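The block underneath contains the structure these notes are about, expressed in structure tokens.
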Amino acid sequence: MLKLDAEHVHNLSKRIRDLSGEDVTHCIQCGKCSGGCTVAPDMEEIPSRIMRFIQLNMKERALTSSMVWTCTSCLTCTARCPEGIDIAKVMNVLRMMCTAEGYTPKEKQIHVFNRLFIGMIQKYGHVYELGLMVKNNMMAMTPFSC
């Protein structure tokens, strides 16, 4: 196992730390975050692997993973991390980076939903679930699906 120290910190780790306040280089790859993740069993990449991509400056791999968009921000990973890393916050920063740099998820509707969700929080300070569902379904051209 590679132990990262200050001289091995790369641009992506620094950028994540600057944007989130979280030092991903402290991740010891124990896998507790992935073990508790509710969406990990259905994903191609797991949270600990995303953290490793960041540590190794594998920006494209980190930003193109569906895990970044599918993360529900339930904070289970954050609660389980023995190093105290707020992994959910890191995933949120990765989503912001994806949007800013033009990376979109393979499932286009996820990106639409994320924009609507963040837009509601910015506009109202909270999410209005019914309104979010209606807008999302209208944009997906499925107005009556639940």
Tabulated pairs, region 24-35, first in the same structural domain as A62 (by TED's automatic domain parsing) and within 14 Å of T78 (Cβ to Cβ), second of a type in the set (V, I, T) and assigned to a helix (DSSP H, G or I), C-beta under 7 angstrom, 6+ apart or interchain: V24/I16; V24/I54; V24/V90; C33/I87
Positions within region 78-87 being surrounded by fewer than 22 Cβ atoms within 10 Å (Cβ to Cβ) and touching a Ser or Thr at 6+ places or on another chain (Cβ under 6 Å), in sequence order: D86
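This table checks each residue for (1) modelled with pLDDT of 90 or more; (2) charged (D, E, K, R); (3) under 24 Å from E22 (Cβ atoms).
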{"position": "S73", "(1), (2), (3)": "no, no, yes"}
{"position": "T78", "(1), (2), (3)": "yes, no, yes"}
{"position": "E129", "(1), (2), (3)": "no, yes, no"}
{"position": "M138", "(1), (2), (3)": "no, no, no"}
Yes/no for N92 being surrounded by 13 or more Cβ atoms within 10 Å (Cβ to Cβ), polar (S, T, N, Q) and within 13 Å of the chain's Cα centre (by Cα): yes
Qualifying positions in region 1-48 - out of contact with any helix residue (DSSP H, G or I) (no Cβ under 6 Å at 6 or more places or on another chain), over 20 Å from K59 (Cα atoms), at pLDDT 90 or above and assigned to a loop (DSSP other than H, G, I, E, B): C30
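Looking at L63, L75, can you tell me which residue is buried (at least 17 other Cβ atoms within 10 Å of the Cβ) and within 21 Å of M43 (Cβ to Cβ)? It would help to see each step written out before you state the result.
On the way: L75 fails: buried (at least 17 other Cβ atoms within 10 Å of the Cβ).
The match here is L63.
Any residue at all in region 71-78 that's of a type in the set (S, T, Y), more than 26 Å from V134 (Cα to Cα) and touching an Asp or Glu at 6+ places or on another chain (Cβ under 9 Å)? Full working, then the answer.
Looking only at region 71-78, we keep the residues that are of a type in the set (S, T, Y), and these are 72-73, 76, 78.
Narrowing the set further to residues that are more than 26 Å from V134 (Cα to Cα) leaves 76, 78.
Filter once more, keeping what is touching an Asp or Glu at 6+ places or on another chain (Cβ under 9 Å): 78.
Looking for residues that are of a type in the set (S, T, Y), more than 26 Å from V134 (Cα to Cα) and touching an Asp or Glu at 6+ places or on another chain (Cβ under 9 Å), one finds at least one in region 71-78, hence yes.
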Qualifying residue in region 108-125 (condition: more than 26 Å from I50 (Cβ to Cβ) and charged (D, E, K, R)): yes
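The values are calculated or read from the model by the stated rules, or taken from the named source; none is laboratory data. Nothing here was measured: the structure is a model prediction, and the numbers come from that model. All Cβ positions, glycine included, derive from the backbone under ideal geometry; neighbour counts span all protein chains shown.
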